[in-house]
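Report on one structure; see the data block that follows.
Quick note: the coordinates plus some simple rules give every number you see, no bench work behind them. None of the values given here were measured: they were computed from a predicted structure. Positions of Cβ are generated from backbone atoms using ideal geometry, with glycine treated the same way; all protein chains shown enter the neighbour counts.
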Amino acid sequence: MTFDVVIRGGRVIDPANSLDETADIAFKDGKIAAIGSNAVGPANETIDARGLIVTPGLIDLHTHIYWGGTSLGVDPDAYMAKTGCTTLVDAGSAGPANFHGFRAHIIEPAKSRVLAYINASFAGIFAFSPAVMVGESGDIRLLNPAEVVRVAREHSDVIVGVKVRVGLVASDGIGAAPLDIAIEAADALGLPVMAHLDHPPPSRTEVLSRMRPGDVLTHCYRPFPAAPTRADGQVRDEILEARERGIIFDIGHGKGSFCWDVAGAMLDAGLPPHSISSDVHMMSAEGPAFDQLVTLSKFLHLGMDVSNIIKASTIGPAQAIGRPELGSLAVGGPGDATLLRIDEGAFPLTDAKGVTVEARQRFGLAGFMRNGAWYRGR
């Protein structure tokens, strides 16, 4: 057999299969054809990955990529080219009213794999910009669970859950009612909810007490208020209970939802995130999140093991969306992989409170495979 592409000599890290070793990976017809000793034979293209880390195609669980259809959207393929994230999960940019357009104009034409949480609000995130900021969950008339269920069933191949944003900004301080409506829709669909919480109300306890095992709390390392830790750095009891109960903790860095002191306290307590995501949108792409590789680099600076960082951007989010095949390297599986390097130097990294540290290492993109095709990093 002649393979289409073979990646040779890289450090293959695939936490889903407990793999961390030097190995070759071969691709044929858009799929992974062989791994390790079986990846022997001629190839139309050979990629020298010596000195690089080879991972399953990275997944960014929290993005906003309804480019041109919302004020906050970024272009998904440009973002994939920058980060090597081959699967992008949009976190509720579109609701029942405009999901059809999101699918026709973004999901289907994209070279990247785009999946989505449908917003519980009929209009989706319709007013998110420096000039105009109106929370889509603040008007209860826009929260129609029957419409969420109807549209989600029409697009069940790409919808992975229901997104709801609650808090003083996102839901105009009306409390937990939007979350209750989102959970009702998600129950009918058999899907998880991803919940955003900014400034209360509702309170952290009100949100977590309603969430079900498998639901995702995004912005899980956010600063005060609604931080998961107290002023003394201790983790709050309701956070410990929620993790024990099976709530999935996702970073969702964004413009205002990651800070160094909370992250350090959570890691010191043995509570790493299940998923590391960027919450990239038009404002956070200008900082402090920037993108997924910058977000992953912050955890490298915090001392998180490289394998665990990769886990939180591959099999962790893949399991959260019920698509475990996207988070691993397996013969016959999707022909996606990401090639990373670890750069040495002095790199400023800033959190949501404006605190900047100087990191000695960061992740850089050497290239990636998407659907069996090779793309060189920028």
P(r) of region 178-233 over all Cα-Cα pairs, 10 Å bins starting at 0, rounded to whole percent, reads 23, 52, 21, 4, 0
Looking only at lysines whose Cα falls under 25 Å of K111's and that sit 8 or more positions away or on another chain, we get K28, K31, K82, K163, K311
The distance between the Cα centres of region 201-225 and region 248-277, in whole Å, is 13
Long-range amide H partners of L143, meaning residues 5 or more apart or on another chain whose placed amide H is closer than 5 Å, are F122
Under the rule rounded for a/c under 1.5, else prolate if a/b exceeds b/c, else oblate, using alpha carbon gyration tensor axes a ≥ b ≥ c, region 232-378 is classed as oblate
Under 5 Å from the placed amide H of L19, counting only residues 5+ away or on other chains, we find D14
Compactness summary of region 57-327: radius of gyration and Dmax from Cα atoms, Å, are 16.7, 49
At the level of C-alpha centres, the distance separating region 280-301 and region 135-149, in angstrom, is 30
Ordering 365-375, 56-66 by per-residue average of other C-beta atoms within 10 angstrom, highest first, gives 56-66, 365-375
Cα-based Rg/(2.2 N^0.38 Å) for region 83-200, rounded to two decimals, is 1.01
